[in-house]
Ligand SMILES: Cc1cc2nc3c(=O)[nH]c(=O)nc-3n(C[C@H](O)[C@H](O)[C@H](O)COP(=O)(O)OP(=O)(O)OC[C@H]3O[C@@H](n4cnc5c(N)ncnc54)[C@H](O)[C@@H]3O)c2cc1C
C-alpha cells in the first residue's frame with residue numbers, strides 16, 4: 001500500500017499531507033499535541049505560529065512576495081488560509097494566529113484521505129515517510145533520526161518577542177501611542193510608541209545592563225541574524241536599535257505631524273486588536289527585566305504582558321550532506337524531510353518546502369520521473385540551495401531571497417528593476433512548468 005506517514009502537523013506537515021491527499025494518496029498525519037507540547041508550542045491546533053504573526057511582504061517584487069505568487073500557483077492551503085485570516089499590516093501579510101490555525105486544522109481534518117494520529121512518534125515508521133517535526137522536534141524522535149543520519153545535529157537558538165494586552169497601552173499625551181504606518185500617516189496598521197532622546201538614552205542604558213535569562217543544557221547559543229535579540233542588537237552600539245526596530249524615519253503623529261527620536265512599533269496580533277506584538281523585540285531578558293525595562297517606554301508604562309519574550313532551541317539537519325534534490329534522504333529514499341528541520345528558515349519557506357516534499361513524493365508514488373522545478377523559481381532555488389549549493393561544513397538556515405536566483409544577463413543596474421524582472425521571470429517559468437508537468 002502507498003500510505004504515507006507525515007510526522008508533525010505544522011506548516012510543512014499540513015501542506016505535504018494536503019498535496020498527497022488531493023492526489024488521493026492516503027496519509028497518516030502524526031501530531032504529538034495536545035498530549036505533548038514543545039516549550040514554545042501552546043495551542044492544540046495545527047500550523048501554530050510560535051512567534052510573529054507575519055508572513056512577510058505581499059509586494060510581488062520582493063522575495064517573499066514572489067514566494068507567495070509561486071505558492072499560489074501550486075494551490076498552497078497555508079497561503080489560502082493566511083489570506084482569509086489576515087489582519088491589517090500594510091505591505092505585509094499578517095494573520096490572526098488563532099483563526100489561522102483553527103481554519104487550517106478544520107481543513108486538514110476534513111480531508112477524506114488524511115487520518116490524524118495524536119501521538120508522539122519516537123521511531124521512524126516503515127514505508128513512505130515525510131519528517132516535518134520542525135525546529136523543536138521531540139528528543140526521543142530526534143535520537144532516532146540521529147541514528148540513521150549518522151551525523152551530529154546542529155543546534156542554535158531563536159528568540160521570540162513579547163505580546164502585550166491592547167487595553168494596557170497608553171494612548172494619551174504627546175508620548176502616548178498613536179496609529180500610523182511608516183510614510184503613510186493615515187494608515188492605521190501599526191501602533192507607534194514614541195521616545196525623545198532622553199527617554200531613549202535611559203532605555204538604552206537599561207537594556208545593555210539588563211539581566212539575561214539562563215540558557216541551559218545547550219552549548220553557547222549561535223544567534224541567527226534575522227531573529228537577533230534586542231539586547232544583543234543594543235550591545236552593538238547606542239544607535240543600532242534606531243537603525244533597526246526603533247527606526248523613527250517616516251513616522252509622525254497624524255494630528256500634529258510631530259516626529260520622534262525613536263519609535264517602537266506594535267503590530268496587531270488578532271483582528272480585534274486586543275493583543276499586540278512588539279515588532280523586532282525578540283529577547284532573552286529575564287521576565288522581570290522585560291517588565292521593568294519595556295515599561296520605560298512612555299506609551300508602555302502600564303503595559304501588561306500576555307506573553308514574555310524568550311529564547312528557544314532550534315534544530316535542523318545538515319541537508320546539503322544528507323538530502324537529495326527531491327528532499328529524500330540519501331540511502332533511505334523512502335524517507336523525506338520537510339520544513340524548518342531541513343534548514344529552510346521562515347513560516348512560508350517551511351510551508352513551501354512541505355508542498356514540494358509532498359509533490360515530489362506524490363510523483364514517486366505515481367511513477368512520474370523527477371523533473372526539477374525551474375531554477376528561476378524562488379521555491380526551487382531555496383530547495384536547491386539547502387540540498388546542494390550550501391556548504392555542508394558550516395550549513396546555516398536560509399530564507400527566500402533574490403540572491404539565490406540566477407542573475408539576469410546583461411546585468412540590470414537598478415535594484416528595483418532587477419527584482420521586478422527576477423520575480424516576473426520566476427513566476428512565468430513556474431507557470432510553464434506546471435502547464436507541462438501538472439502539479
Ligand atoms: C521559538 C521560535 C520562534 C520562531 N519565530 C519565527 C517567526 O517569527 N517567523 C518565522 O517566519 N519563523 C519563525 N520560526 C521558525 C518557525 O518555527 C518555522 O518557520 C515554522 O513554524 C516551521 O514549520 P514546520 O512545519 O517545519 O515546524 P512546526 O511549525 O514547528 O511544526 C512541527 C510540528 O511537529 C510536531 N512534532 C514535533 N515532534 C513530534 C513527534 N516526535 N511526533 C509527532 N509530532 C511532533 C510539533 O508539535 C509541531 O506541531 C520560529 C521558530 C522557533 C523555534
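Quick note: the coordinates plus some simple rules give every number you see, no bench work behind them. What you see is a predicted model; the values in this text were computed from it and never measured. When we count neighbours, we look across all protein chains shown, and the Cβ atoms used for this are built from the backbone with ideal geometry, even at glycine.
Here are the numbers:
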{"quantity": "Label-to-label distance, nm, for residues given as residue 243 and residue 2 (7 Å Cα→Cβ offset)", "calculated": "5.4"}
{"quantity": "Length released on extending from residue 115 to residue 59, taking residue separation times 0.36 nm less the Cα-Cα span", "calculated": "16.5 nm"}
{"quantity": "Sites residue 198 and residue 37 - FRET efficiency at Förster radius 35 Å, r taken between beta-carbons, to 0.05", "calculated": "0.20"}
{"quantity": "Linear extension gain, residue 368 paired with residue 414, 0.36 nm per residue minus alpha-carbon span", "calculated": "12.5 nm"}
{"quantity": "Percent of beta bridges antiparallel (DSSP, the chain, rounded to nearest 5)", "calculated": "65"}
{"quantity": "Helix-only mean residue ellipticity at 222 nm for the chain, each DSSP H run of n ≥ 4 adding -39500 (n - 2.57), per residue, nearest 500", "calculated": "-9500 deg cm²/dmol"}
{"quantity": "Three-way shape label, segment 63-215, alpha-carbon gyration tensor, a/c 1.5", "calculated": "oblate"}
{"quantity": "Relative contact order %, the chain, counting alpha carbon pairs below 8 Å whose residues are six or more apart", "calculated": "22"}
{"quantity": "Among 344, 129, 272: highest mean-square fluctuation, GNM of the chain, C-alpha pairs under 10 Å", "calculated": "272"}
{"quantity": "Cα gyration tensor shape of segment 238-285, rounded if a/c is under 1.5, else prolate or oblate by comparing a/b with b/c", "calculated": "oblate"}
{"quantity": "Nearest-0.05 FRET efficiency for residue 72 and residue 292, computed from C-beta distance (R0 41 Å)", "calculated": "0.35"}
{"quantity": "Length added when fully stretched, residue 88-residue 188, from 0.36 nm per residue minus Cα-Cα", "calculated": "35.2 nm"}
{"quantity": "Segment 1-66: C-alpha gyration tensor shape, a/c 1.5 cut-off, then a/b vs b/c", "calculated": "oblate"}
{"quantity": "GNM result for the chain, Cα springs below 10 Å: residue of 318, 326, 83 fluctuating most strongly", "calculated": "83"}
